[in-house]
Structures are given as structure tokens and as C-alpha cells.
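Visitor: Following this message is one structure expressed as C-alpha cells.
Any read-out appearing in this document is the output of simple, stated calculations on the displayed coordinates, not a laboratory observation. From a predicted model like this one, the values you see are computed outputs, not experimental measurements. Neighbour counts are summed over all protein chains in view; Cβ atoms, including those assigned to glycine, are modelled from backbone coordinates with ideal geometry.
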Amino acid sequence: MWERTLDYLFNQRPAFEREGARGYKPGLDTSLALDKLYKEPHRRFRIIHIAGTNGKGSTAHLLASCLQKCGYKVGLFTSPHLVDFRERIRVNGRMVSRSFVMQWVADYQKRRIEGIEPSFFELVSTMAFDYFAWRNVNVAVVETGLGGRLDSTNIVTPELSIITNVGLEHQQFLGDTLEQIASEKAGIIKHGKPVIVGRADGIVRDVIEAQAKRMYAEVKFAQDRPEVKEAKHVDGMLRLNTKSYGTINCELVGDYQVENTNTVLVALNLLKRMKYRIKNDAVKEGFAQVVETTGLMGRWMKLDENPLLICDSAHNPDAIGLVMRQLEEERRGKLHLILGFMADKDVSSILDLLPGNATLYFTQAPTPRSMSARDLKKAAAKHGLLGNAYDNVEEALAAARQVAEPHDLIYVGGSMYVLAELLTMLGYGEDQ
């Protein structure tokens, strides 16, 4: 029954994650029809809506963890999943049950509307909102799937919107310029509802400010009055010296998390002003225990020692550039990079960022959107980067472990789907 349910969701519904353009359905008509079919469940709880090019997943999990530690019953909707479909829909860190998903899909198949063929993401978004309403959550942290203005989740009216940052991504859907993409992200700003922006400069800032003005929405840029004064790595944690919360130890240790943590702290300050019960000690617990509290995986995640094995979800030039700098700081011996990318990514710009002194292992994820390992090898060669191609992550990791010395560092990344294969292979994400 579970496998049939997943087959219906993944294989009978068009899914961007698997098929790319064919699975992308811009527009809200179908989502609104589904929402009406289920009696508008998103209106039964408060919502914080998050969009952005990088960091929206980490920001969503950190915020959900802090709100949970403050005593709220918190729904969390994110994508994609790494190991288990149910990672996408959580309440207080616990994944939605298989029985709910199976019953919900069976119910939908009975009541489905003639002439409406929802995509995978449209259907799952509705499922999440219905589940959160059924569980009587106090607040839900909802991450957009792709873009913002036409994203399936944008039927909601949140109490707070967050835009982490804006970079070039999914140009075939969102536009060729930063201005166009910023306009799509800014589409989540609602009339009279405040918005926090993690980082925005130049035309991106102008676009967001103009949209906020049109919507009579207060806008705060977290970079202008940063909460994080200093950050450093101490005892396996990211230690933050903050203005309002004192010293915070964050379980997410990637250098790029400094920006995300600052965004979350600025958002928490605003929520406090909005009469949310935000307590300093609870915030500290939320940061220190975010992985345990929310089940987050794949963010500068250490999987093994001697040699050190790290994976990370960075998958576009901005994020991978930051990761490469941290790898250079972290490594003790030789650096081994196991990389695979989706074919629709700006692979050429990413390859320009890779260090020439690393040993490279090119691989691919088991999805039609994936760039083949051999094509990646050929593309890398044009950038002066040489390495071997492997049909899957397991073979690439075995090859790296065979030659790596105990003091070396092995990094796996380039795509969430490469991480998904790695973590599944290593037994992560076991049933809760």
C-alpha cells in the first residue's frame, strides 16, 4: 500500500524534481481549487512563509526549532526530501505518518475534481496544509518550492514572510536576470504583512523594497542591523556572539550559516514584537539542538572520521563557492571531491570554483534530471579539471575511500539528490 501511494505521488503526478520543466506548473489556480476542496486548511493556523535562492531550508528548520523550544506546536513544510518522502511534512520534528499519507491520497483519489490534474508539489502542499490543520498546529513554517509568486504555497497569507537572498537560479522558469528573479521571490510579500530579507543589494534590494511599498508591508534587511556580531568554530559548534541573545552555539556549522542564523535572529526579534513568546534560553536550545529537534540532514554534515567524510546540500555557484572556501580551511590532508549535478544547473560556473589540487570523482544521481557522470567529466576537462566518472555515489565513495589517507577529507555534494543517494546508502533517515 505504501509503495502504491508513493508511486501515485511520484510517478503519476508530474514532478519538477524528477522531470524538470514538464513537472513545473506555474500559477495558483490548481492550488486554489485543491485548497477549496479541503476547506482552506491553511487558514486554521498561523504561517511563516520562506523563499530565497540559498539557505531557506536551514532558515526554516532553525526557526521551527526555536519556536518549538518556545512552546509552540510547529508544522514544518520543506522540500525536497533526502531519504524519506515524509521528511517534507513534520509537526514538532516528527514526520507525518505513513498511515495519514496513504489515507489522504486514497481520499483524494475519490474526491478529485474532474479536469484538474495537479502536479506532485501542488498535491503535497495541500496534503501538508490539511495535515497541519488536523494536528492543530499553532504555527507552520512553510518553504516555497520554486520561486515565490507562482509557487503552489503562495495561496497563504502569512504573519511574516522571509526572503533569505536572491541569486541566479532556475532562469528557464524565473527569468534571466536578478531583477526578474527578485520580482518572483518578492511575490510572497502580502498586504500589510512584514517581510524579513536576509541579504539583498543593488537591483535586488530595489525590487523588494518597491514590492513591499506596493503591499504596504514593513521590510527589514537583516544585513543592516546584524544580530550576529562574531562567529567562530568551537567544539564542533558554530559559536555566535549576538546582540540580543548573548552567546549561542549553533548545531549547523557551515560558514554560510552565519547569514542564515542572523536572518533567523532578526525574524525572532520581530516575532517577539508581534507578541510571540520568544524566550532567550529557548532560542539558544533551538539553535543548539536543531538537528535533533527537526530531523534536518545534509547541511555540512559529518558522516565519518579518518578520513573525514562531509556532505552538504550546496548546489549553485554562490553556495558552492562558500563551501569550497570552508573545505580549504577544514582539510588536514588531501581533498577528495565527489560531485554530481542536475543538468539544468549552471555547471560551468560551478566548475570554475573547484580547487585544482583536489582529487575529483564525478558521479550522478538516479534521476532523469541528473547530468551523467561522463558528461560531467567532459565538461570538467574543459576547465582543466581531471577525474574519473562513476555511475553512482556508492562506487565513487568506495574509490575515494580506497585511496584516501586517514587525515584526508572526502566531500560529497553538488546536488540534493546525490546527498539523498549517499544518506540512503549509509542508512540515514530510518523510519520514526
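Visitor: Could you line up Asp255, Asp281 from fewest to most neighbouring Cβ atoms inside 10 Å? Write down the numbers at each step before the final one.
Guide: Numbers: Asp255 16, Asp281 11.
Arranged by neighbour count, lowest to highest, Asp255, Asp281 become Asp281, Asp255.
Visitor: Here's a follow-up. If packing is taken as the mean number of other Cβ atoms within 10 Å per residue, what is the order of 349-355, 117-123, highest first? Numbers along the way, then the final one.
Guide: Values: 349-355: 17.0, 117-123: 22.3.
In decreasing order of mean packing, 349-355, 117-123 become 117-123, 349-355.
Visitor: Apply the Karplus curve 6.51 cos²θ - 1.76 cosθ + 1.60, θ = phi - 60°, to the phi angles in the stretch 259-273 and return the couplings in whole Hz, x for Gly and Pro.
Guide: 5, 5, 5, 5, 4, 5, 5, 5, 5, 5, 4, 5, 4, 4, 5
Visitor: Test of understanding: ordering Ser348, Ser313 by Cβ neighbours within 10 Å, fewest first, what list do you get?
Guide: Working: Ser348 12, Ser313 25.
Final ranking by Cβ density, sparse to dense: Ser348, Ser313.
Visitor: Computed over the Cα atoms of the stretch 27-78, what is the convex hull's projected area averaged over all directions, in nm²? Could the numbers behind the result be given before it?
Guide: On the way: hull surface 17.8 nm².
Convex hull of Cα atoms, orientation-averaged projection: 4.5 nm².
Visitor: Mind ordering 259-270, 227-238, 400-411, 360-371 by average Cβ neighbours within 10 Å, highest first? Could the numbers behind the result be given before it?
Guide: Numbers: 259-270: 25.2, 227-238: 14.3, 400-411: 16.4, 360-371: 21.8.
By packing density, highest mean first, the sequence is 259-270, 360-371, 400-411, 227-238.
Visitor: Using only the Cα atoms of the stretch 391-432, what do you get for the radius of gyration and for Dmax, in Å?
Guide: Over the stretch 391-432's Cα set, Rg and Dmax evaluate to 11.6, 36 Å.
Visitor: Enumerate the amide H contacts of Gly52 below 5 Å, restricted to partners 5 or more residues apart or on another chain; note that Pro and chain-start residues carry no placed amide H.
Guide: Thr164
Visitor: Considering only Cys311, Cys250, Cys70, give the residue with the highest GNM mean-square fluctuation for the chain, with springs between Cα atoms whenever their separation is below 10 Å.
Guide: Highest fluctuation of the listed residues: Cys70.
Visitor: Let me ask another. Considering every pair of different Cα atoms, what Kirkwood radius, in Å, is found for the stretch 184-326? Intermediate results must be reported in sequence, preceding the final value.
Guide: Working: mean 1/r = 0.0597 Å⁻¹.
It is 16.8 Å.
Visitor: Rounded to the nearest 20 Debye, what is the dipole magnitude of the stretch 241-321 about its Cα centre when Lys and Arg each give +1 and Asp and Glu each give -1 at the C-beta?
Guide: Values: 9 positive and 10 negative charges, 151 e Å.
In debye, rounded to 20, the stretch 241-321 gives about 720.
Visitor: Under a plain spin-label model, where a point goes 7 Å from the Cα along Cα-to-Cβ, how far apart in nm are Ala106 and Asn280?
Guide: About 5.2 nm, to one decimal.
Visitor: Calculate the all-directions average of the projected area of the stretch 342-432's alpha-carbon convex hull, and give it in nm². Numbers along the way, then the final one.
Guide: Numbers: hull surface 26.9 nm².
Average projection, Cα convex hull of the stretch 342-432: 6.7 nm².
Visitor: Work out, in µm²/s and without decimals, the Stokes-Einstein translational diffusion coefficient of the stretch 180-250 at 20 °C, 1.002 mPa s, Rh from Kirkwood over C-alpha pairs. Working shown, then result.
Guide: Details: Rh = 13.8 Å.
Result for D is 155 µm²/s.
Visitor: Another question, if that's okay. Tell me, what ³J(HN,Hα) does each residue in the stretch 138-145 have, in order and in whole Hz, if you take phi through Karplus 6.51 cos²θ - 1.76 cosθ + 1.60 with θ = phi - 60° and put x for Gly and Pro?
Guide: Those phi angles translate into 7, 8, 10, 9, 10, 9, 5, x Hz.
Visitor: In a shell of Cβ-Cβ distance under 12 Å around Leu32, excluding Leu32 itself, what net charge do Lys and Arg (+1) and Asp and Glu (-1) give?
Guide: Values: positive: Lys36; negative: Asp29, Asp35, Glu40, Glu122.
It works out to a net charge of -3.
Visitor: For Met425, Met342, what ranking results if the residue with the fewest other Cβ atoms within 10 Å of its Cβ goes first?
Guide: By the 10 Å Cβ count, ascending, the order reads Met425, Met342.
Visitor: Something else: What are the lysines whose alpha-carbon lies under 26 Å from the alpha-carbon of Lys345, with same-chain residues fewer than 8 places away excluded?
Guide: Lys25, Lys56, Lys185, Lys302, Lys377, Lys378, Lys382
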